[in-house]
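Participant: Structure below; questions to follow.
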Amino acid sequence: MALILSIDLAYKSYADFGFCLLEESAGKLVNIQYTSYQSFGLLGTPEKEIFAQTVLDYCLATGVSILMLDGPQGWKDPNNGLLHQRVCEKHLNTQAKTGTEGEVKPAPFKPFVSFAIDIFSVLNRSGLVSLVTEPKIAMPAKGILLVETYPYSAWHKLNIQPLPGKRKCTLEQRIRCVQELKVRFQLPETKIPTHDELSALVAGLAGVAIAEGNESGYTASGVPPKLTSEGSLVEGYIVNPR
């Protein structure tokens, strides 16, 4: 049995986050819980240190073995051969292009990208998590596997029409996507999730395959993450279900 916590990140308000806890048993998804930021005790404006420590404490207390976050884990390696983005972003044609430290295109994405990278950095420095370091993902002998996700590409990898943006997304469109996932993954019964929760769910399905050791159930795009001499993370894999 494995517990996977998938989080759809935001940076302005905790109300814009999506939290999805998935329980895997014998290779099957047997339970889904959508939790609120209030249940984590998160209040006020999102702050990297508080958020990272709160999530880490939750994972350790509940036995979560895979933590999945929607957001860049590192900056662009200056020597990756690309002008403005990480290798994984090139492969998946992401909206945000993470450049060398402090550079993001388009510029409005910079606060979110910086926040996400800071979260990964705080978690990585804890010594209690392991990053994905190769396309064939193995669970660490101890600690928590920390995985970068990108829900928009997850829909594409599953050949399901992606959700529109939150403001334009209707209840009917969320129901359609849930029904598609039920057919593909035999989902247990749950409420109809919010847009943010559904994004966390679809990304988190890769975690079920990872926990099972099912290499055909996920893809990892990019190159291994590494630490610069200044201690910053660069590059990394984005993991999607398939």
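Participant: Distance in nm between label sites at Asn214 and Met1, each 7 Å beyond Cα in the beta-carbon direction?
Facilitator: Output for this residue pair reads 1.9 nm.
Participant: Apply the Karplus curve 6.51 cos²θ - 1.76 cosθ + 1.60, θ = phi - 60°, to the phi angles in the range 43-58 and return the couplings in whole Hz, x for Gly and Pro.
Facilitator: Whole-Hz 3J(HN,Hα) from phi for the range 43-58: 9, x, 6, x, 10, 4, 5, 5, 4, 4, 5, 4, 5, 4, 4, 4.
Participant: Let me ask another. For the chain, take the longest principal axis of its alpha carbons; what is the angle in degrees between that and the long axis of helix 171-185, to the nearest 10 within 0 to 90?
Facilitator: Roughly 90 degrees, rounded to the nearest 10.
Participant: Taking the Cα centre of the chain as the origin and placing charges on Cβ (Lys, Arg +1; Asp, Glu -1), which of Leu56, Gly127, Pro111 is farthest toward the positive end of the dipole?
Facilitator: The residue sitting most towards the positive pole is Pro111.
Participant: Which angle from 0 to 90°, rounded to the nearest 10, does the C-alpha axis of helix 110-125 make with the longest principal axis of the chain?
Facilitator: 90
Participant: With the cut-off at 1.5 for a/c, could you classify the range 165-242 from its C-alpha gyration tensor as rounded, prolate or oblate?
Facilitator: Here the range 165-242 falls in the oblate category.
Participant: Could I ask something else about it? Once fully extended, how much extra length lies between Arg242 and Lys168, figured as 0.36 nm per residue of separation less the alpha-carbon to alpha-carbon distance?
Facilitator: Gain on extension, Arg242 to Lys168, equals 24.0 nm.
Participant: Per the Kirkwood definition applied to all pairs of different Cα atoms, how many angstroms is the hydrodynamic radius of the chain?
Facilitator: 17.8
Participant: About the Cα centre of the chain, how large is the charge dipole given +1 on each Lys and Arg Cβ and -1 on each Asp and Glu Cβ? Please answer in debye to the nearest 20.
Facilitator: 580
Participant: Under 26 Å between C-alpha atoms is the cut-off here; go through the range 1-94 and count lysine pairs that meet it, provided they're at least eight residues apart or on different chains.
Facilitator: Lysine pair count for the range 1-94: 4.
Participant: Working out 0.36 nm times the residue gap between Lys182 and His156, then minus their Cα-Cα distance, what length gain in nm do you get to one decimal?
Facilitator: Stretched fully, the Lys182-His156 segment lengthens by 7.7 nm.
Participant: Would you mind telling me which residue in Glu172, Glu49, Glu103 has the biggest mean-square fluctuation in a Gaussian network model of the chain, where springs connect alpha carbons within a distance under 10 angstrom?
Facilitator: Sorting by GNM fluctuation, first place goes to Glu172.
Participant: I want the local charge near Gln33. Using Cβ-Cβ distances under 14 Å, sum +1 for each Lys or Arg and -1 for each Asp or Glu among the other residues.
Facilitator: -3
Participant: Report, in whole Å, the centroid distance computed from the Cα atoms of the range 40-94 and the range 112-139.
Facilitator: 6
We did not get these values from a lab; they are worked out from the coordinates using the rules stated. Keep in mind the model is a prediction, meaning the values are calculated, not measured. Every residue, glycine as well, gets a Cβ built from its backbone with ideal geometry; the counts of neighbours run over all protein chains shown.
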